[in-house]
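The values are calculated or read from the model by the stated rules, or taken from the named source; none is laboratory data. Predicted, not measured: the structure shown is a model, and the values here were computed from it. Each accessible area value is taken on the protein alone, full model and side chains, heavy atoms only, with ligands, DNA and RNA left out. Shrake-Rupley method; radii C 1.70, N 1.55, O 1.52, S 1.80 Å.
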Amino acid sequence: MKKRVFSGIQPTGNLHLGNYLGAIRRWVDAQSQYDNLFCIVDLHAITVPQDPRALRAKSREVVALLFAAGIEPDQSAVFIQSHIGAHAELAWILNCYIPMGWMQRMTQFKEKSQRQKGQVSVGLFDYPALMAADILLYETDLVPVGGDQKQHVELTRDVAQHFNSVYGDVFKLPEPLMGEVGARIMSLDNPTKKMSKSETGKGHALNLLDTPDEIRAKIMSATTDSLREIRFDPDRPAVTNLLTIYELFSGLSRTAIEQRFAGKGYAELKQELADVVIEHLKPLQARYRVLADDPSHLDHLLTEGASRVQPIAEKTVTRVKVAIGLG
Ligand code: ATP
Ligand code: LTN
């Protein structure tokens, strides 16, 4: 029996290199080892205001990008969260077992609620309960995510443990799965912030669907420091971020990379970085265009994904209801 992997991605903004290197590429590389479920989390997306048409279009775009990046329908079920009613149902139940204090500690909520210009919704505060439901519904073993989501997976474990201690063995405890390199790709214009879909500044993120010219322009104007030497150094986040992206795309070792750029300047590093990023994204973008041109095929893949996961989700909800005395 293969271990089960579950992960989610929000259909908001533009997918960027942080999403790709921290999450999607790792899902693709490991998919043959696992039983994989990948969910487009549109119910999470509505924790902040969304335009209805854009949201539906983005969900399809993300699905097409996942397949274009190499997710294989025969190894991985890809589905949309709102197509499976059990996510919201279990989230409500878990809500009632999560102390307010646990939620108040979540750093993502603190950051996102500060950024929110209008009202902050209860849903944004409750986001981790829905994420816990996503994971626990499918008896997930492993949750491959970027470093920003580790705290949410830990909360998921905590609520599962708490629940099991009261009601017996209802939930399986999941583990987060993170890469050593690339778990936190930083913004190009501010290397103290993670690259994020919700930041809209022009030079902030490298998006998977950016044209070669856009990629090169963004990399060439990325922030650096005033030192000369090109090397990996945690005290120099800007150059280390560029080198990390280079490392992940080139497959070279850190020593080899530092040797390659010894005595060279930032302009050369940036040119070479732009070359590898553009080269790597070219086939992905070509596959994306083919998939995006065939919406009925995408819908077919989504229906198939949903029908594979639905029975697993229903079984869990039934077990939970029986355990707590509902119905
Ligand atoms: P937002 O910042 O608007 O919340 P996001 O860019 O974090 O969005 P998500 O859809 O929430 O995007 O994340 C999808 C996956 O990408 C998650 O596994 C997340 O951990 C990972 N991820 C997001 N940003 C980065 C980053 N800068 N570096 C590495 N992984 C990341
Ligand atoms: N919160 C995650 C997206 C997400 C997720 C999940 C990831 C929703 N449900 C379940 C892993 C498992 C994010 O913002 N990246």
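Using equal-weight Cα scatterers in the Debye expression, the normalised intensity of segment 222-310 in log10 at q = 0.12, 0.18 Å⁻¹ is -0.54, -0.77. Take the convex hull of the alpha carbons in segment 18-95; its mean projected area over all directions comes to 6.2 nm². Taking Glu304, Glu247, Glu111 as the candidate residues, the one with maximal mean-square fluctuation in a Gaussian network model of the chain, Cα springs under 10 Å, is Glu111. Accessible area per residue (1.4 Å probe, heavy atoms of protein chains only) ranks Ile46, Ile24 as Ile46, Ile24, with the largest value leading.
For the pair Lys264 and Trp102, the difference between a 0.36 nm per residue extended length and the Cα-Cα distance amounts to 53.5 nm.
By accessible area, using a 1.4 Å probe on protein heavy atoms only, the chain has 52% of its surface on carbon and sulfur. Length gained on full extension, Asp294 to Arg228: 18.9 nm, using 0.36 nm per residue less the C-alpha separation.
The solvent-accessible area of Asp51, taken with every protein chain present and a 1.4 Å probe, is close to 90 Å².
Counting only DSSP beta bridges whose two residues both lie in the chain, roughly 10 percent are antiparallel. Only protein heavy atoms count here; under a 1.4 Å probe, Ser7 has an accessible surface of about 0 Å². Just so you know, the averaged projected area of the alpha carbon convex hull for the chain sits at 17.6 nm². Please list, ordered by chain and number, the residues whose modelled amide H lies under 5 Å from the amide H of Val78; skip anything fewer than 5 residues away on the same chain. Those qualifying (amide H under 5 Å, at least 5 residues apart or on another chain) are Phe38, Gly305.
For segment 139-247, the alpha carbon convex hull comes to 131 Å³ per residue, rounded to a whole number. Hydrophobic long helices, here whole DSSP H runs in the chain with Kyte-Doolittle means of at least -1.0 and Cα atoms spread over 18 Å or more along the helix axis, are found at 52-68, 122-137, 150-167, 237-250, 266-292, 295-324.
Taking the helices alone, the chain has a mean residue ellipticity at 222 nm of -16500 deg cm²/dmol, built from -39,500 (n - 2.57) per DSSP H run of at least 4 residues and averaged over all its residues.
Between Arg308 and Arg53, the contour length at 0.36 nm per residue exceeds the Cα-Cα span by 89.1 nm. Solvent-accessible surface (1.4 Å probe) assigned to Thr224 amounts to roughly 50 Å².
Ligands, DNA and RNA are left out, and with a 1.4 angstrom probe the accessible area of segment 1-70 is 39 Å² per residue.
When the chain is treated as a Gaussian network with alpha carbon springs shorter than 10 Å, the biggest mean-square fluctuation among Pro11, Pro174, Pro311 belongs to Pro311.
For segment 37-180, a Kirkwood radius taken over Cα pairs fed into Stokes-Einstein (20 °C, viscosity 1.002 mPa s) yields D = 132 µm²/s.
Enclosing the Cα atoms of segment 189-257 in their convex hull gives a volume equal to 104 cubic angstrom per residue. Against the empirical 2.2 N^0.38 Å (N residues), segment 258-327 has a Cα radius of gyration ratio of 2.19. Based on the convex hull around the alpha carbon atoms, segment 1-61 presents an average projected area of 4.7 nm².
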